[in-house]
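J.: The structure that follows is given in the form of structure tokens.
The values are calculated or read from the model by the stated rules, or taken from the named source; none is laboratory data. Just so you know, these numbers come straight off a predicted model, no measurement behind them. As a convention, Cβ positions derive from the backbone with ideal geometry for all residues, glycine included, and neighbour counts pool all protein chains shown. To get the accessible areas, we keep the full protein, side chains included, count just its heavy atoms, and leave off ligands, DNA and RNA. Shrake-Rupley method; radii C 1.70, N 1.55, O 1.52, S 1.80 Å.
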Amino acid sequence: MAGSVVRVSARCVDASKCPFAETAVSFELGPGDVVWLQGPSGVGKSTIAAEVAGLGARRGALEKSLGVSVAVDWAAGVPVAERCGAMFQQTTLVDALSVEGNVRCALAAAAKPAGDAVAEAKRLVEAVGLDWARDRRKMPQELSGGMARRASLALQLAQRKRVVVLDEPFTARWPGADAAPAAGGLAALLLGDARSGTAYEFGPRARAKLADYLCFSLPLILLAFAAAGVAIAMLSADLLSRLDVSQQVDAVLDAEVLPLVDSLLKDASTMQKTMTKMMVKTKARLMVSTALPRAKRALYAIGIAKLFTIELGPLLAALLLSGRVGGSYAGEVATMQATSQNKLLRTLGISPRRFTLAPALLAALAAAPVLTALGSGLAIALGGPIGEAYGIGDADDAAWYWAAARDALTPPLRCDRAWPLRRNAVELATWPLFHNALKSMTYMALIIAVAELIARARNIAPRDVPRAITASVVAGGLAVILGDWAFSQLLLLREGELV
């Protein structure tokens, strides 16, 4: 293998399935070499190309499905990141990036100096016949078939790979109508750009996704929380305003307290006993009438604050974001999987999960606590005027609602040096505001994880993308509900530890 970059050998292991016209195919590639695999459709050209590019089936899958064994042996001095690029039959560009973005992504993956990135991208775009000023900001969907093919070629040139697999590269008739001149011109361009030499920076994508999640999810979150806050506040206020315990207090007095008065005053006159019982009843009723409104106000404010902060707020936000964020992410990943964009990223040396999962997860984990807190705050704020409208407010204290709600959301004060660290951590984890953020972030991680598992199916086709989105939304919602159940069990466990 002296002087060669890669040696490829393919052979039939099951003649009944093998598509090859010959029983074996082998060739070597060295610097400057060009190999043109010719033959009718279905004889194994794309199979060999995929194996060379490192995009083939799992180990043993080719033998079972096509009866073919392909061995690709790279020279020891060729790093994995420098081995092979691929230009697919179907023109493939990263949908999320412009023409310039696609080329600069490839340059970044090839560790091209950042200072030269714009000039180098301009040179490559113009080398394939595109106009830098007019075409560089166009997204892939804005390009014609021929322009997209040219942009894809510029991306391949930017990679500086030792080997470039071109699977039917002349479908767009570049640069001429005749395949032979086209092959010669393309080979000369590829060979004239010898390799000079990290992963694409996902920070800008994460910031873009964060802005997208916040801007487009905020109106939905606020409307949903406003509706839920008004409904629950009205129901709670109505129930508490109707609460009357006078009959229950009288029943307790008659059954428990007055017989005790009789026993204590057994030597007193009937008049004394009657007057004493009347005084006890009057005093008890006065105490209840004085304490009950305060108890109603406290119960109402604390209940609304804790309900939305600890339980309903994170759950409602997560279920809403399961459709907005989980469905959006599943659609993006499934589309990239179905259109070979993930394969393209792998040939660039960029992990598809780094390109899609990392930015989406970071943005979701940052956006979810903010959206949940804003929604919960709005729902809690609406509780004050609704409570006053139902007569639960305090005429002498305008801030009664917020005082009680603030007490409910105050950080725990029972943590002291005498407590073990584990119990301090358990107490902190159940602080309502911390719990609100922790739950929302956990739920978003579950939603993104479910969408990732469903959308990155190996054999997904474009027609399966809507199904993947639906499945991700439904499964993400179920995962959130199960996560909420798990949190409830932890809360019960915590209450047992703190008793």
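J.: Looking at ARG346, is it surrounded by fewer than 24 Cβ atoms within 10 Å (Cβ to Cβ), among the basic types (Lys, Arg) and touching a Phe, Trp or Tyr at 6+ places or on another chain (Cβ under 7 Å)?
T.: Numbers: surrounded by fewer than 24 Cβ atoms within 10 Å (Cβ to Cβ): yes; among the basic types (Lys, Arg): yes; touching a Phe, Trp or Tyr at 6+ places or on another chain (Cβ under 7 Å): no.
Considered against the rule, which asks whether it is surrounded by fewer than 24 Cβ atoms within 10 Å (Cβ to Cβ), among the basic types (Lys, Arg) and touching a Phe, Trp or Tyr at 6+ places or on another chain (Cβ under 7 Å), ARG346 comes out as no.
J.: Suppose we filter SER236, SER263 for residues that are open to solvent by 50 Å² or more (accessible area, probe 1.4 Å) and out of contact with any Cys (no Cβ under 9 Å at 6 or more places or on another chain); which single one remains? I'd like the intermediate steps shown before the answer.
T.: Working: SER236 fails: open to solvent by 50 Å² or more (accessible area, probe 1.4 Å).
The unique qualifying residue is SER263.
J.: Tell me whether the stretch 294-306 contains one or more residues that are β-branched (Val, Ile, Thr), assigned to a helix (DSSP H, G or I) and open to solvent by 60 Å² or more (accessible area, probe 1.4 Å). Talk me through it step by step, then tell me what you get.
T.: Here is the first cut: in the stretch 294-306, the residues β-branched (Val, Ile, Thr) are 302, 304.
Now restrict to residues that are assigned to a helix (DSSP H, G or I): 302, 304.
Those still in the list that are open to solvent by 60 Å² or more (accessible area, probe 1.4 Å) too: 302.
Yes: the stretch 294-306 contains one or more residues that are β-branched (Val, Ile, Thr), assigned to a helix (DSSP H, G or I) and open to solvent by 60 Å² or more (accessible area, probe 1.4 Å).
J.: Then there's this: Does any residue of the stretch 96-116 turn out to be surrounded by 16 or more Cβ atoms within 10 Å (Cβ to Cβ), modelled with pLDDT of 80 or more and among the basic types (Lys, Arg)?
T.: yes
J.: Working only within the stretch 307-324, note down all residues that are under 18 Å from TRP431 (Cβ atoms) and open to solvent by 40 Å² or more (accessible area, probe 1.4 Å).
T.: LEU307, GLU311, LEU312
J.: How about the stretch 445-469: which of its residues are acidic (Asp, Glu) and surrounded by 20 or more Cβ atoms within 10 Å (Cβ to Cβ)?
T.: First pass over the stretch 445-469, keeping only residues acidic (Asp, Glu): 452, 464.
Listed by number, the list is empty, since nothing qualifies.
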